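Structure first, commentary second.
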Amino acid sequence: MKIMNTYVNPDRLEFIVTFACSGKCKHCSLGDPPGKAVHIDSAAAENAVKSLAGNYKINSVMTFGGEPLLYLETTARIHAAAKAAGIPHRQIITNGFFTKNKAEISTAADLLADSGANEILISADAFHQETVPLEFPLAFGEALTKRGIDVKAQPAWLVSPENDNPYNVKTREIIEKFKSIGIPAGNGNVIFPAGNALKYLGEYFTEISPENPYEQDPGNITSISVEPNGNCLNGNILQSNILELIDSYTP
Ligand code: SF4
């Protein structure tokens, strides 16, 4: 079934696996969202991947949160479905802190490698490391690298990557620790004023106000996003096939 809707031209599918998180970051754009006990339904997510990839040329599937690896099996099933559907980029953004047990870290790396997840960004900066002990994301990153997965440290910069505020100075130190075990840094992102960032870091947004890079034109959706409760476009993947949601979408 080929659906045509001029407002929706997807090449990417994103799953917010859960809003629950092991971190409590003061720059978090989510703030304190309701519904933290909810996580995405694995079968519905697999279906969405399969249906979408069967009708559009999908370049990437991403899972993030909250902390997606609090629901490791679900995240792995989504990436396995993406691999089976021939989607080349299968990405996870994680803070790397879902267990304190080193054996479980190793098992998780095995499962994700088997699932076909092939690009993993581990959050690494002054903000995350206030509540996420660095030893766990470092151990997880090392375990993933050993299994041949492309891993990068993903910093959140305050004001700009070049700015020398105390948070960025600390972030550079943290990135060096990842580099010392062979994990390079990605570009990261610049913190924008939303959620906790607006509440706790407002003084840094007086002169500049970075835009939310994740907002897209509702009249030209290229990246379809699914929320933990299944909400997607103007409907829900638990109630309708994702192709029907595309078909009925209006901005
Ligand atoms: S920034 Fe990420 S790791 Fe930190 S509280 Fe928000 S979702 Fe969790």
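Computed from the coordinates by the stated procedures, all read-outs in this text should not be read as laboratory data. All values derive from a computational prediction rather than experimental measurement. In this analysis, Cβ positions are derived from the backbone assuming ideal geometry, glycine residues included, and neighbour counts consider all displayed protein chains.
Compute the Cα gyration tensor for segment 1-41, then decide on rounded, prolate or oblate, letting a ≥ b ≥ c be the square roots of its eigenvalues: rounded whenever a/c is under 1.5, prolate when a/b is larger than b/c in the other cases, and oblate in all that remain. It is prolate, given that a/c is not under 1.5 and a/b is the larger ratio. Working from Cα pairs under 8 Å separated by at least six residues, relative contact order for segment 106-239 is 21 percent.
Computed over neighbours whose Cβ is under 15 Å from that of Ser225, the net charge equals -4, Lys and Arg +1, Asp and Glu -1. Per-residue Karplus couplings for segment 222-238, computed as 6.51 cos²θ - 1.76 cosθ + 1.60 with θ equal to phi - 60°, are listed in order as 10, 10, 8, 10, 10, 8, x, 8, x, 4, 7, 6, 9, x, 8, 6, 7 Hz, Gly and Pro entered as x. Rg/Rh for the chain stands at 0.97; both radii use Cα atoms, and Rh follows the Kirkwood definition.
Absence of a disulfide-compatible partner, taken as no other cysteine beta carbon within less than 4.7 angstrom, is noted in the chain for Cys21, Cys232. Could you state the angle between the C-alpha long axis of helix 42-55 and the longest principal axis of the C-alpha atoms of the chain, as a value from 0 to 90 degrees rounded to the nearest 10? Computed tilt is about 70 degrees. Sequentially through segment 210-218, phi angles give Karplus couplings (6.51, -1.76, 1.60; θ = phi - 60°) of x, 7, 5, x, 8, 6, 10, 5, x Hz, Gly and Pro residues having no value and appearing as x. Amide H contacts of Val8: Ile221, each under 5 Å away and 5 or more positions distant or on a separate chain (H built 1.01 Å from N in the peptide plane; Pro and chain starts excluded).
Ordering 17-27, 152-162 by mean Cβ neighbour count within 10 Å, with the highest value first, yields 17-27, 152-162. Pairs exceeding 29 Å between alpha-carbon atoms, taken from Lys102/Lys152; Lys100/Lys170; Lys57/Lys100; Lys24/Lys83; Lys146/Lys170; Lys50/Lys100: Lys57/Lys100; Lys24/Lys83; Lys50/Lys100.
Spatially, segment 187-239 and segment 68-86 are offset by 23 Å when compared through their Cα centroids. By how many degrees, between 0 and 90 and to the nearest 10, does the Cα long axis of helix 102-115 differ from the longest principal axis of the chain? It works out to around 40 degrees. The mean sequence distance of close C-alpha pairs (under 8 Å, at least 6 residues apart), as a share of the length of segment 1-120, puts its relative contact order at 30 percent. Once C-alpha pairs closer than 8 Å and six or more residues apart are averaged by separation and normalised to the residue number of the chain, the relative contact order reads 28 percent. Indicate the gyration tensor shape class of segment 136-251 (rounded, prolate or oblate), computed on the Cα atoms with a ≥ b ≥ c the square roots of the eigenvalues: a/c under 1.5 is rounded; otherwise a/b larger than b/c is prolate and the rest oblate. It comes out oblate by the Cα gyration axes.
Neighbours of Ile78, meaning other residues whose beta-carbon lies under 9 angstrom from its beta-carbon, give a summed charge of +1 when Lys and Arg score +1 and Asp and Glu score -1. The reciprocal of the average 1/r between distinct C-alpha atoms defines the Kirkwood hydrodynamic radius, which for segment 52-121 equals 12.3 Å. Between the Cα long axis of helix 135-146 and the first principal axis of the chain there is an angle of about 60°, rounded to the nearest 10.
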